[in-house]
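The values are calculated or read from the model by the stated rules, or taken from the named source; none is laboratory data. No experiment lies behind these values; they were computed from the predicted model shown. Neighbour counts are summed over all protein chains in view; Cβ atoms, including those assigned to glycine, are modelled from backbone coordinates with ideal geometry. Please note that ligands, DNA and RNA were not included when accessible areas were found on the heavy atoms of the full protein model with its side chains. Shrake-Rupley method; radii C 1.70, N 1.55, O 1.52, S 1.80 Å.
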Amino acid sequence: MSLIFSVTMMLPNMALAATGTGLSNSQKLEKVELMLYGNVQGGSLIQRMDVIENDVYGIATSDPVLDRVTRMYEYLIGTPSTGEASFITKLNVVEWRLKGRMSGEPVRSRIEEAETMLNGTPSSGSYAIRLDNLLKLTAYADGVVPVKTVTLPKDSLLKIQFTEEFSSRTNKVGDEVRFKAADNLYVNDVLVLPKGANGLGKIKKIRKPSAFGRDARIDIEFLYVNAIDGSKVSVFVGPLAEQEAKTVAGAAGAAVGGMIILGPIGAVGGAFVKGKQVTIPAGSMTVVQTVADQEIQGAVYQG
């Protein structure tokens with residue numbers, strides 16, 4: 001229907017471009033732990049870094065602890081100045097090639113799940129070595145992901161699919177709206193937003209149906225979609241996205257099969273649901289557009 005509205009190893013290459021410079025060391029450490037484990041770990045800074053480095057590198061270093069925090073943050077989340085793929089880009093490529101999606105789950109569980117799918121059981125050793133082994137098994141025999149930094153232009157269009165149901169009856173303002181990319185998005189031959197990449201929005205406003213036949217309405221604020229390099233690409237429903245959704249819906253005919261046409265700022269109303277609640281089923285699709293030009297380290301397409 002259509003709606004209107006390892007034991008010991010050499011440390012990885014640390015030639016990295018600066019990123020996250022506006023964050024405190026405490027914030028960087030928390031981001032690293034959330035990325036790796038899904039929660040913030042307890043203990044002293046040194047104890048926490050010992051655990052992290054052993055998990056990621058296979059060995060804990062003895063450098064000043066704040067240097068260790070910054071180095072780990074840059075290794076996991078930064079962009080190597082050598083032109084190589086970053087850790088998060090490699091992991092996203094592995095998951096995308098293996099499962100056709102990027103889950104956004106903690107690194108530990110993503111690596112273990114990929115190893116189990118391929119070998120029947122998780123492996124042991126450092127995350128860095130295990131990730132390189134997964135690359136060789138799923139995508140690139142030499143373990144090297146060809147990448148290129150490109151600019152994703154402002155107003156690029158992306159078809160998305162809602163992953164959870166939400167409605168004017170049960171949801172409230174501030175609730176998260178989760179979705180994923182329904183198609184791959186390339187800049188020339190460089191993949192920047194893979195199919196299955198997770199996105200996030202929130203419900204900005206809900207207007208309940210009235211006794212006089214006024215439709216319910218949900219206003220969605222789309223926030224971002226995760227790019228293949230782990231960066232967040234801001235998106236919204238603008239005139240181009242609205243027109244593209246109408247074009248796709250029109251081309252599909254009367255039975256659109258889940259294509260939603262959203263008005264400005266993502267307003268879902270219902271010309272066909274007079275005075276009734278609005279429900280958006282999981283699997284429904286619409287179109288968003290990018291807010292601004294953005295540099296992304298993408299994976300070069302190799303067929």
Practice task
Mind checking which lysines have their Cα closer than 22 Å to the Cα of K232? Skip sequence neighbours fewer than 8 apart in that chain.
Solution key: K28, K31, K90, K99, K148, K154, K159, K180, K195, K202, K204
Fill in the blank from the handout: Binned at 5 Å from zero, the C-alpha pair distances of the stretch 61-169 give percents of 2, 10, 16, 18, 17, 14, 11, 6, 3, 1, 0, 0
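Quote the FRET efficiency, to the nearest 0.05, computed for S210 versus Q243 with a Förster distance R0 of 25 Å and r equal to the Cβ-Cβ distance.
0.25
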Handout entry: q = 0.13, 0.19, 0.21, 0.28 Å⁻¹, the stretch 68-126: log10 I(q)/I(0) [Debye, one scatterer per Cα]
Key = -0.39, -0.77, -0.89, -1.18
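Highest first, please rank the peptides 222-229, 180-187 by the mean number of other Cβ atoms sitting within 10 Å of their residues.
Details: 222-229: 22.9, 180-187: 18.9.
With the highest mean Cβ count within 10 Å placed first, the list reads 222-229, 180-187.
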Exercise for the section: Can you pull the one-decimal nm distance between simple spin-label points at A141 and S234, each 7 Å off the Cα toward Cβ? Expected result: 4.5 nm
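Return one whole number: the accessible area per residue of the stretch 110-228 in Å², for a 1.4 Å probe. Can you show the working numbers first?
Values: 5720 Å² over 119 residues.
Per residue, the stretch 110-228 has 48 Å² of solvent-accessible surface.
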